[in-house]
């Protein structure tokens with residue numbers, strides 16, 4: 001498991017140091033907010049197309065797929081170094097979208113194969129913990145590098161980290177070849193959990209646009225934005241291990257997923273109305289405690305329900321998440337593009353952000369299927 005966490009740590013560092021500032025890079029080039037929505041539409045459309053192309057196929061060499069995922073993500077970040085911003089806006093999200101299934105399908109499947117029902121909550125929590133732990137530090141480093149040097153520095157650093165990660169994947173024994181089957185199994189997950197993943201994707205498709213833009217509106221600087229993102233990550237780090245451990249002992253993953261969804265959804269909606277940086281930071285910091293609880297429990301529950309079909313469960317989740325992300329980014333783009341004619345761009349951004357909260361809130365209202373024998 002340590003090898004998985006090492007690889008995820010390198011990816012997290014590149015993502016937080018560079019990926020956190022991609023939309024701000026375009027804003028600095030005088031692009032309107034709506035173009036940030038277009039970036040993610042292209043990204044998630046690419047991910048959905050890639051998933052459809054590999055549906056029904058078996059990944060026989062997951063190591064090669066994961067390494068390819070790292071390289072195409074490096075290509076995405078590297079494109080900012082050589083392409084004019086208008087071309088990067090259209091071309092950079094294509095390899096970014098392709099990386100999502102190439103890397104995460106074999107990674108999540110191989111990782112979940114190491115778990116069992118009695119430790120899956122903690123194991124899922126550890127996996128989700130890496131991103132917020134890295135996120136406490138690396139957004140600040142990225143913001144400082146931009147202000148001292150420029151955007152080229154963070155993109156070049158991301159490329160170096162991802163190439164190094166490719167080499168790690170190539171040599172670490174944890175990623176030795178074992179087939180991963182890509183099949184959709186809605187029937188084993190149930191309507192509630194399947195809809196939950198779709199709505200989780202809608203929320204991500206929105207807030208991955210709105211959070212950096214809203215936060216940047218409060219801070220007006222990359223270092224300040226990095227600081228806010230670091231505070232938000234701290235909330236996620238505090239939630240992960242505790243909740244995973246409790247649900248492994250007590251069961252009731254569905255209940256914890258609902259509580260996380262209801263709390264996080266309400267707080268996202270509340271944060272959309274905040275007008276000062278302190279209130280916004282407080283609400284979003286607490287929200288980022290509850291949101292990972294929902295993420296962790298939905299993933300763990302899906303594997304509980306498909307214990308003998310882990311690869312298929314991971315693939316089904318990935319299809320639903322990316323379909324939802326595409327829907328969420330399309331909604332955000334439409335609001336930012338059309339609503340600006342009668343309300344400000346900031347107001348359209350806040351409406352979009354609030355809709356993400358509604359999406360999460362709905363997850364808490366669905367009945368989640370429980371595995372046989374669960375408490």
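No value in this document is a laboratory result; all are computed from the given coordinates. The shown structure was predicted, so the numbers you read here are calculated from the model rather than taken from an experiment. Glycine also receives a Cβ, built like all others from the backbone with ideal geometry; neighbour counts cover every protein chain displayed.
Quick notes
- Listing 160, 48 from fewest to most neighbouring C-beta atoms within 10 Å gives 160, 48.
- Ratio of the Cα radius of gyration of segment 149-220 to 2.2 N^0.38 Å, where N counts its residues: 1.73
- Max mean-square fluctuation residue, GNM over the chain, Cα-Cα springs under 10 Å, options 197, 338, 131: 338
- The chain: relative contact order as a whole-number percent, Cα under 8 Å and 6+ apart: 28
- Shape summary of the chain, radius of gyration then Dmax from alpha carbon positions: 19.3, 57 Å.
- Among 81, 291, 267: highest mean-square fluctuation, GNM of the chain, C-alpha pairs under 10 Å: 81
- Here the residues 193, 198, ranked from fewest to most Cβ neighbours within 10 Å of their Cβ, fall in the order 198, 193.
- As a proxy for reagent exposure, 330, 36 were ordered by neighbouring Cβ count within 10 angstrom, fewest first; the result is 330, 36.
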